[in-house]
Amino acid sequence: MSEISADTTKKFNIDTVANAAVTPDVELPWAELGLKQNEFDDVVKVLGRRPTGAELAMYSVMWSEHCSYKSSKNHLRQFGAKVTEEMKKDMLVGIGENAGVTNLGDGWAVTFKIESHNSPSFVEPYQGAATGIGGIVRDIISMGARPVAVMDPLRFGAIDHPDTARVMHGAVAGIGGYGNSLGLPNIGGEMVFDSIYQGNPLVNALAVGVMRHEDIRLANASGKGNKVVLFGARTGGDGIGGASVLASESFDDTKPSKRPAVQVGDPFAEKVLIECCLELFKGSLVEGIQDLGAAGISCATSELASNGDGGMQVELTSVLLRDPTLTPGEILMSESQERMMAVVTPENIAAFEAVMEKWAVEYSWLGEVTDTGRLIITWEGEVIVDVDPRTVAHDGPVYDRPYARPEWQDALQADTFTSSVQDAGRPSTPEELKAAVLELIASPNMCSKDWITNQYDRYVGGNTAMAFPDDSGVIRVDEETGLGVALATDANGRYTFLDPYHGAQLALAEAYRNVATSGAIPMAVSDCLNFGSPEDPDVMWQLAESIRGLSDACMVLGIPVTGGNVSLYNQTGTTPIHPTPVVAVLGKFDDVARRTPSGWAEDGQAIYLLGTTAAELDGSEWSNMRGHLGGLPPKVDLERERELGAILINASRDGMIDSAHDLSEGGLAAALVESALRFNTGARVALDEVAARDGVDTFTQLFSETQGRAIVSVPRSEEVRFNDMCTARNFPVARIGVVDAADSALDIQGVFTASLDELREAHEGTLPKYFG
Amino acid sequence: MSETPLIGGAAPAPVDSRLAGARIGVVTFPGTLDDRDASRAVRLAGATAVDLWHADTELADVDAVIIPGGFSYGDYLRAGAISRFAPLMGKIVDAANSEAKLPVLGICNGFQILTEAHLLPGSMIKNDHLKFLCRDQVLRVENNTTAWTNAYTAGQDITVPLKNQDGQYIADEKTLDALEAENRVVFRYVGFNPNGSRRDIAGISNAAGNVVGLMPHPEHAVEAGYGPGHTGTDGLGFFTSALNTLLGGK
Amino acid sequence: MPRIVVDVMLKPEILDPQGKAIVGALPRLGFNAFSAVRQGKRFELTVDGEVTDEILAQAREAAETMLSNPVIEDVVNVEVVAD
C-alpha cells in the first residue's frame, strides 16, 4: 500500500475515505481476509469506490460465513416461513435478534439460545469452551434478561484416542471454570464419543435467561443525540489472526506486537458485567444494548445502527485498548471477550457512569446516534468508515450452494444391522443378555456422565428443580408461583447421517419428549446446526435436508424455532463430521413443584411402558458398540410424540405419575437401569407379554430404539385413572413391573437379575477409567 | 440497604414473630455468587436479610453477618486474598472480636475470606484430585454449641451440597491439635473426604464460637425440591441457630 | 540437592485476568507505584546428583512440552539453583 500517503505525525498510516476516493487502484488484501472476488466487487459497488482498510475489515468479518450465514440463509428461511398463527402467539421476539423471546405468562418472558464454539475448543479446549459460555451468556444479557442456567452438549473423538483426553479435560474444566464462576447452574447437556469428531470436536453452549416483559431490550440504536458507549474489558488483539495482513496499515518502524492465537476468558469480568448490566436494566438506563462477540465493534456498531434509526457516529480512538499497537481495522475486528456496547440518553449519562463506578467496570463514550442513515467511524476526526450499516450487517452475500443426495446414500441405507456380520451371535441366553446390558450401560455414550457434571455447579441460584441426569433441566422462574421452565438438548449424528431429513426430526422428537417427560409443556426450539463444508454438495444436501426436516417437524409439533446458530466447515480434510443438528426444546411449568423426576423412589409403585417396540436397531447404540453404521434410523411419528407428550404432561399435572424416563439411545435397557440407579431403588420387571404383543425377541425389546416411548411409575391409587387416560387417548400402554425398594436389584424376570451395586459399578466406572 | 430482590420474591410467614425483626447481613463482593441463596435461607428461617456491599463502611445495624460463597475477585491471587482487604471486612473483623461477639458465618469462599482475614486459622488449597467437585455431602455436626449450630444435636449427620475447587483444609499439626482440643472442629466429612482436608475437617469456629466457617453450602439445602436428593432441607438449621442465638442474647 | 527452576509466563499478548484483578486491588492498599501486574508460574525440579547438560536439556524440553502450554505460555527462564 505504498500509494497511501504517510503522515508521520500520526501513529498509523491511516487510510481515510477521502484517500480511498482518490486512490482507486490501491491493492487491498481482500483475499487474505477471506472475501471472494465477487464479494469484494460487491463491496466496491455498494460503496461506489474502493473500501478503506477499516471498511474492508468490517465487510470481511461481517460477510464471513460465521456472521452472515451466507450458505444457509436461503434454507434457514423455512424456520420463519413454516409457522402458524398458533405457533406465533407466545413469541415476543423472533429470529434475528440476539435470541428469541417467549412469553411465559404472568408478565414473565424467557429467552434461550444455543451456539457453537467448536473450532476454538479444538485449538485450546479450556479457553475455547470457556469463552463459548461467555459469548452465549452475553447474548442472553443483550435481551435484557437475567441468565439463569447453562447447558453444554459436547461431542468428542473416540474415548480411547490419546487426543480425546486433552480435549475432554480442557473443555470440561473450561466450562466449569468459567460457568461456575458466573453463578449459573449447569443443568444438563450431552456427551457423545465418536471417532468422526476426532479432529472436529463439537462444543456447543446453551444459555437461558428470564425477564419481565417490560425489560425486553433490543439491539438497536434509536434517538438522535443518544450516546454510544463501550464498556467491560479493554480491547486487545484477540481473534484477529486473519486481520494481521492489515498490519501494513501501521508504520514500518513500529511493528505491532504479536496477536494472540487464543482468546482468554475472564469469568470474573463477565460476572461483574452481568450484574452491572442487570443494574442498568433495573434503572432503565440503556435504550439499546448489544454484546460484542464475533466481529466485535464491526458487528455491534453496524447492527445497532441498522436496527435503529440508521445512523451512528463513532470516534475509534476513544476505544480503551489493552494493546496500544492495534490498528483501526484490528480494533474493528477484535473479538476480545467480556465487552458490551449500549445506547444511553444524555440525561442518563451520570446514572450510567455511577453504575460503572460501583462495579469498577471500565467504559468509554464512543459517539452518538444520528439520523443520517450512515455509520461514520472516525480516527482522530478523520473519516475512515462511511457506510450504510445495513449493507454491512444485513445485505451480505447469499449463496445457493449446489447440493445433491450423495451417491453413497442408497448403499448406506441398504446396509442394515440385522443383515450385517456384526449382528451374528446376537445375545439371547440370560447370561448373554445380562452381559449385553452391562456392556451397554458401561459404553462410552451410555455410561454415567457424573464425572463431567460433578465438575459443574448445579445448585447455585437455589432454583434448580432438576438437573442432569434427569431428562430435562428444570429451573424455577417465579418463587411465589413456582412458574418455571424445562430444557433439553438432543441430537444423534448417526441417525442424521443415515437420513438427514428424519434424523433432524428425531433430534427434535427426543428433546420434545424429554421436556414432556419432566412434565413441562414444550414451547420453543433453538438449534445449533453442526455440519461439514457447505462447498461439498453432499454436506450441503445434509444441511438442506436437516433444515427441511426440522422445520416440517416444528409445524407438526406446533413449536417455533426462536433462534440458533449454524457451524459449518467441521471437517478434517475431505471427511466431514456426521451432520449434527443439536436441538434444544424449552418447556413451561405453571408450577415446577409438579416436575417429574426420572428415577423410581416409592416402593410398590407400578411401572408402565408407554408405546410399542419395533425391531429398530439401525444406528442404535448397540449397533454402534458392534461397529456397524447403516440402514435407516428409527421411524419418526410426530403425532404419536405429541400424544405421548400430552399423556406425560397431564399425568404429571394430575399427580398420576411419580417418575418418568423417556426411551431413546440404549432403548428400554438403558431406561430401566437409569431409573433404578437415579435414587438407588430396585424393581421387578417382566417383558414376556410386551415382547409377545410387539412380536419382537427379548433382545430387541431391550435394545431397540423405537421412538415415542417412555416408562413411568404410577402409585397404586392412580393406576385405574392412568390406564383410563391412556385408553381414552388410544395410546398403547402395558404394566411391565413394580418398584421394589427392599430388594436392591433390577430383576428382569426370566432373563436376569443384577444388583444395583453391580449396575452402578459398570455404569459409573467408564469415565473415571479413561479420564482419572 | 434494601431487602434483597428475588426473582420472584418469596416471603414465607416468620417461624417466630419475634424473629422478623432480626437483621442478618449478607455481604456481596464482586464475584460473589451465592448471596441471593443465603438471603433466601435467612428469609425462610424467618428473619430479614440485609444486603451489604463490600465497599460499605458501616454494618447497617445487622445482628449477624453471612459471607456467602462464590469466586470473589475470580479467586485470583488466592481465594479470598483480595476480598479480605475490603472496607467492610475491617468492620466485620472488629465486630466479631468485640464484646458483642457478632455472629459471622463464612460459607465456601466466605470461609476462605475468613481464613485470609485471620478470623479463623488454617487455609484452603486446591482439592487433592485437582477438579471442581459438586456433590451432596454428608457432614457430622461435631459441635452444636456455636452460634450457627445450636439447632442441631451433637453428632447429627446432615446432607448439604458441596461445590468447590479449592476446598482442601490445611493447617499445621499444632493448630489442628488445638482445634480438636478446644472442640472447634464444628463439622467433619462423613463417609468420603471430598478434597483431602486434614482430619476430614469441613468447618471450624473461633474460640468464642460466634465465627464459623465451612466449605459445604447449607444455604442450598433449605427448601424441599431445590436441595440434595430433591427433598433435603438439612441446611436450614444454620439459619435458625443464628436466630436462637440472637433471641437468647437479647 | 540442586534444583532446576523453571519460570513460565503467559505470552505478553494473552490476557492475564489474574494480573488484571491484582493490579486493580493494589492501589486500595496504598501501593500506587505499579501500573501492571502479570502473574506467572514457578516450577522447581529437584535433581538427585549433578545437573549435567543432558539433564538441563531434559528440563528445557519438559518446560516447553509439559510445564507450559506453548499455545498461550512462554518459558521465560530455566536455571540451576544449587543449595
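Since every read-out is calculated from the coordinates, none of them should be taken as a lab result. Bear in mind the structure is a predicted one, so any value in this text is a computation, not a measurement. Please note: Cβ atoms are built from the backbone with ideal geometry, for glycine as well, and neighbour counts cover all protein chains shown.
Brief remarks follow.
- Space enclosed by the convex hull of the alpha-carbon atoms of region A:635-772, per residue, Å³: 135
- Nearest-ten-degree value, helix A:537-557 long axis tilted from longest Cα axis of chain A: 70
- Between the Cα long axis of helix A:667-678 and the first principal axis of chain A there is an angle of about 90°, rounded to the nearest 10.
- Based on C-alpha pairs under 8 angstrom that are at least 6 apart in sequence, chain B has a relative contact order of 18 percent.
- Dimensions (Å) - region A:17-128, Cα atoms, principal axes, largest first: 60, 38, 27
- Global form of region A:467-572, assessed from the alpha-carbon gyration tensor, a/c cut-off 1.5: prolate
- Normalised by the number of residues in chain A, the average gap of Cα pairs under 8 Å and 6 or more apart makes the relative contact order 14 percent.
- Trypsin sites (Lys or Arg not before Pro) within region A:145-228, DSSP loop, no more than 16 other Cβ atoms inside 10 Å: A:224
- Proximal lysines to residue A:45, defined as alpha-carbon separation beneath 26 angstrom and excluding residues fewer than eight positions away on the same chain: A:36, A:70, A:73
- Long pairs among A:449/C:11; A:769/B:126; A:282/B:101, criterion Cα-Cα beyond 28 Å: A:449/C:11; A:282/B:101
- Pairwise FRET efficiency - residue A:646 versus residue A:555, Cβ, R0 = 25 Å, nearest 0.05: 0.90
- Global form of region B:17-249, assessed from the alpha-carbon gyration tensor, a/c cut-off 1.5: rounded
- Other residues whose C-beta falls under 13 angstrom from the C-beta of residue A:74 contribute a net charge of +4, scoring Lys and Arg +1 and Asp and Glu -1.
- Residue-averaged 222 nm ellipticity for chain A, from DSSP H runs of 4+ at -39500 (n - 2.57), nearest 500: -10500 deg cm²/dmol
- Shape of chain A from the C-alpha gyration tensor: prolate (a/c of 1.5 or more and a/b above b/c, with a ≥ b ≥ c the square roots of its eigenvalues).
- When both bridge partners sit in region B:17-249, DSSP labels roughly 55% of those beta bridges antiparallel.
- Hydrodynamic estimate: the Kirkwood radius of region C:3-81 over Cα pairs, inserted into Stokes-Einstein at 20 °C and 1.002 mPa s, corresponds to D of 151 µm²/s.
- Burial order of peptide ranges A:567-577, A:376-386 (average beta-carbon count within 10 Å, highest first): A:376-386, A:567-577
- Per-residue mean of foreign Cβ neighbours for B:31-41 is 4 (Cβ atoms of other chains, 10 Å radius).
- Separation of region A:399-439 and region A:442-489, taken as the distance between their Cα centroids, equals 32 angstrom.
- FRET efficiency, residue A:354 to residue A:431 (Cβ-Cβ, R0 56 Å, nearest 0.05): 0.15
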